[in-house]
């Protein structure tokens, strides 16, 4: 299992529109081979209410980097969501947990 993680800094004042667009975009990623789950969380810290944490679980790294990112669904995902981010998020991938509690 691979965990994709990205901090999404949404343009202030556009959070509600972003969430509506994300709801529309969610099925595009959820239907892709290798997709396991998705979590979108909003930052609770004062002054950071426009920041969201996106975590997506994939079977393999290639399911995300090749399968999803090279798909027509990704093009639609980009059109729906990418204009909300400033700066554009850095996406990172993580392996299985090394330590759990």
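The values are calculated or read from the model by the stated rules, or taken from the named source; none is laboratory data. The structure displayed is predicted, hence computed values, not measured ones. All Cβ positions, even for glycine, are placed from backbone atoms using ideal geometry, and neighbour counts span all protein chains on display.
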Could you please tell me which pairs satisfy a Cβ distance under 8 Å, a separation of 6+ or placement on different chains, a first residue in the stretch 7-28 that is on the phi > 0 side of the Ramachandran plot, and a second residue that is modelled with pLDDT under 95 and surrounded by 14 or more Cβ atoms within 10 Å (Cβ to Cβ)? none
In the stretch 44-67, the residues that are without any contact (Cβ under 8 Å) to a residue 24 or more places away in the chain and closer than 22 Å to residue 12 by Cβ: 44, 45, 46, 47, 48
Qualifying positions in the stretch 80-91 - within 21 Å of residue 31 (Cα to Cα) and out of contact with any helix residue (DSSP H, G or I) (no Cβ under 9 Å at 6 or more places or on another chain): 82
For residue 16, are the conditions met, namely being out of contact with any helix residue (DSSP H, G or I) (no Cβ under 8 Å at 6 or more places or on another chain), farther than 14 Å from residue 81 by Cα and at pLDDT 95 or above? no
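Go through 49, 4, 57 for me and flag whichever is in contact with a strand residue (DSSP E or B) (Cβ under 9 Å, 6 or more places away or on another chain) and either part of a loop (DSSP other than H, G, I, E, B) or exposed (fewer than 12 other Cβ atoms within 10 Å of the Cβ) (or both). It would help to see each step written out before you state the result.
Values: 4 fails: either part of a loop (DSSP other than H, G, I, E, B) or exposed (fewer than 12 other Cβ atoms within 10 Å of the Cβ) (or both); 57 fails: either part of a loop (DSSP other than H, G, I, E, B) or exposed (fewer than 12 other Cβ atoms within 10 Å of the Cβ) (or both).
Testing whether each residue is in contact with a strand residue (DSSP E or B) (Cβ under 9 Å, 6 or more places away or on another chain) and either part of a loop (DSSP other than H, G, I, E, B) or exposed (fewer than 12 other Cβ atoms within 10 Å of the Cβ) (or both) leaves just 49.
Quick check on the stretch 81-101: of everything there that is in contact (Cβ under 8 Å) with a residue 24 or more places away in the chain and out of contact with any strand residue (DSSP E or B) (no Cβ under 8 Å at 6 or more places or on another chain), which residue is surrounded by the most Cβ atoms within 10 Å (Cβ to Cβ)?
Filtering first and then ranking leaves 81.
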Considering only residues that are in a loop (DSSP other than H, G, I, E, B) and surrounded by 13 or more Cβ atoms within 10 Å (Cβ to Cβ), which ones fall in the stretch 60-80? 60, 69, 71
Condition set crowded, with 16+ Cβ neighbours inside 10 Å and out of contact with any strand residue (DSSP E or B) (no Cβ under 6 Å at 6 or more places or on another chain), scope the stretch 15-28, selection farthest from residue 77 (Cα to Cα): answer is 15
Could you tell me whether any residue of the stretch 68-78 is more than 16 Å from residue 5 (Cα to Cα), under 12 Å from the mean Cα position of the chain (by Cα) and without any contact (Cβ under 8 Å) to a residue 40 or more places away in the chain? yes
